[in-house]
Amino acid sequence: MQTKKILKSIICASLSAIMCCSVCGCGGSTQNTAATEKSTSAAVSDNSQADISQERRKIIIDTDTGADDASALIFAAKQKNVEIKGVTVLVGNVDLEQSTKNALVALDLADCDAPVYKGSADTYDGTVKTAFSVFGSDGMGEADLIHPKKKAENGDAVDFILDTVKKNPGEIEIIALGPATNIAKAIKKDYETMKKVKMIWSMGTAGLGEGNASPVAEFNVYADAQAYKIMLDSEIPVTVIGLDMCGGEAMWTDSQFEELTALNKTGEFVAKSFGKIREFYKENGSEDVMNCDSLAVLCALYPGFVKNKISTHASCIDTEGETYAEVIFYKEGFTYDIAKNDFKYNVDLVTEVEKAEYFNIYKNAVK
């Protein structure tokens, strides 16, 4: 999610406020052990409020793979009762080629054979946006972690999304961890098929808090506001997890990164991939680091982790200027003087999660 200015903005905002196939989660893969399943179950049994859904979930993960996205891919691949039908990648944290390699490496580490498809290399309207990643030039901490064993599929990400939804109408959930470009292109190419998506889970917007790309805009929206507007206006069910869910007790500490490093190869990989972003946070006065993408996956897969959400009509301000890429939420049941109040309320906004449980659930899932 991130340029230097973007992350500096979110850190300042945080400081001023006081400072997840059966067993392995990947279609067809059986490489995870029973011990992994047991540890994952144990992680959530301590607090039933965060238990993973027992419904078998079919998901596509759409990602601009930096370190936070990679950690989320690993977490999702470790979940039981989850089938990752595929991973679609796009430009965002890093360019398309790097994003693809990073996704492949994360899936390798998780023993996940879900296919990876390349998507958008630029924005919806063809504008190329480049961002200096505070996760390092490779998006993964510049720690020599990127050695994928496999290659991406030959097909296009948008076609894969549409084909998968056609074969599984009303069953596919898309977890969007980056800009909405691939999703917007799929909507414009075949809206009737995309209406059969069960849910889009979007890590995006500032929620009801402050932005990081600007005081009011979050990076995933800012990176392609036109695409995000298309997604919100589509009337496809969307659940938004904003930046305001990632601060406070949800932020990862130095001691928690040390726990990951000592845990196993997977934990060490995740900790190393966050090396550059941890340095950046410290340079800007914060000892703790946000990891919004894994938290968004947790919101999608663990119903009890979400303590509260509100039904809204979400509107993306798709204009140039100071409010570019701002998303505002009209709450259902509230009458606004500025509007006709004849909205269709298709967007659920997560407003409270079990922040204190976040890291331990993550750690036990990858252990």
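Residues checked against (1) assigned to a loop (DSSP other than H, G, I, E, B); (2) in contact with a strand residue (DSSP E or B) (Cβ under 9 Å, 6 or more places away or on another chain); (3) among the hydrophobic types (A, V, I, L, M, F, W, C); (4) surrounded by fewer than 16 Cβ atoms within 10 Å (Cβ to Cβ):
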site: THR88; (1), (2), (3), (4): no, yes, no, no
site: GLU97; (1), (2), (3), (4): no, yes, no, yes
site: THR100; (1), (2), (3), (4): no, yes, no, no
site: LEU104; (1), (2), (3), (4): no, yes, yes, no
site: ALA114; (1), (2), (3), (4): yes, yes, yes, no
site: GLY126; (1), (2), (3), (4): yes, no, no, yes
site: GLY139; (1), (2), (3), (4): yes, no, no, no
site: HIS147; (1), (2), (3), (4): yes, no, no, yes
site: ILE174; (1), (2), (3), (4): no, yes, yes, no
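Taking segment 239-262, which residues are on the phi < 0 side of the Ramachandran plot and open to solvent by 50 Å² or more (accessible area, probe 1.4 Å)?
Step one: list which residues in segment 239-262 are on the phi < 0 side of the Ramachandran plot, which gives 239-247, 249-262.
Passing the criteria: GLU249, SER255, GLU258, GLU259, THR261, ALA262.
I'd like to verify a number: residues in segment 230-254 that are outside any loop (DSSP other than H, G, I, E, B) and over 17 Å from ILE174 (Cβ atoms), how many? First the steps, then the outcome.
Here is the first cut: in segment 230-254, the ones outside any loop (DSSP other than H, G, I, E, B) are 230-233, 238-241, 243-245, 248-250, 252, 254.
Cutting the leftovers down to over 17 Å from ILE174 (Cβ atoms) gives us 243-245, 248-250, 252, 254.
Here the count works out to 8.
Which one of the conditions (1) small (Gly, Ala, Ser); (2) farther than 24 Å from ALA70 by Cα; (3) touching a strand residue (DSSP E or B) at 6+ places or on another chain (Cβ under 7 Å) does ALA300 fail to meet, given that it meets all the rest?
(2)
Conditions tested, residue by residue: (1) in a loop (DSSP other than H, G, I, E, B); (2) modelled with pLDDT of 95 or more.
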{"site": "VAL197", "(1), (2)": "yes, yes"}
{"site": "ASN212", "(1), (2)": "yes, no"}
{"site": "GLN256", "(1), (2)": "no, yes"}
{"site": "VAL270", "(1), (2)": "no, yes"}
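Would you mind telling me which numbered condition in (1) within 20 Å of ALA103 (Cβ to Cβ); (2) touching a Leu at 6+ places or on another chain (Cβ under 7 Å) ALA206 fails?
Checking ALA206 against (1) within 20 Å of ALA103 (Cβ to Cβ); (2) touching a Leu at 6+ places or on another chain (Cβ under 7 Å), the one that fails is (1).
Pairs only if they're at least six apart or on different chains, beta carbon under 6 angstrom, first in segment 281-300 and over 17 Å from ALA176 (Cα atoms), second of a type in the set (A, V, I, L, M) and part of a strand (DSSP E or B); list them, first residue then second.
TYR281/VAL289
Give the residues of segment 48-82 that are polar (S, T, N, Q) and not in a strand (DSSP E or B), sorted by residue number.
Filtering segment 48-82 down to residues polar (S, T, N, Q) leaves 48-49, 53-54, 63, 65, 71, 79, 81.
Listed by number, the residues that qualify are SER48, GLN49, SER53, GLN54, THR65, SER71, GLN79, ASN81.
Which helices (runs of 4 or more DSSP H) sit wholly inside segment 274-367 and have at least 1 residues that are open to solvent by 30 Å² or more (accessible area, probe 1.4 Å) and farther than 25 Å from ILE172 by Cα? Spell out how you get there, then give the answer.
Numbers: elements: 275-283, 292-301, 358-366.
Where helices (runs of 4 or more DSSP H) fall fully within segment 274-367 and carry at least 1 residues being open to solvent by 30 Å² or more (accessible area, probe 1.4 Å) and farther than 25 Å from ILE172 by Cα, they are 275-283, 358-366.
The values are calculated or read from the model by the stated rules, or taken from the named source; none is laboratory data. Here the structure is a predicted model, which means the values were calculated and not measured. Glycine gets a Cβ as well: all are built from the backbone with ideal geometry, and neighbour counts include every protein chain shown. Accessible surface areas use protein heavy atoms only, side chains included; no ligands, DNA or RNA. Shrake-Rupley method; radii C 1.70, N 1.55, O 1.52, S 1.80 Å.
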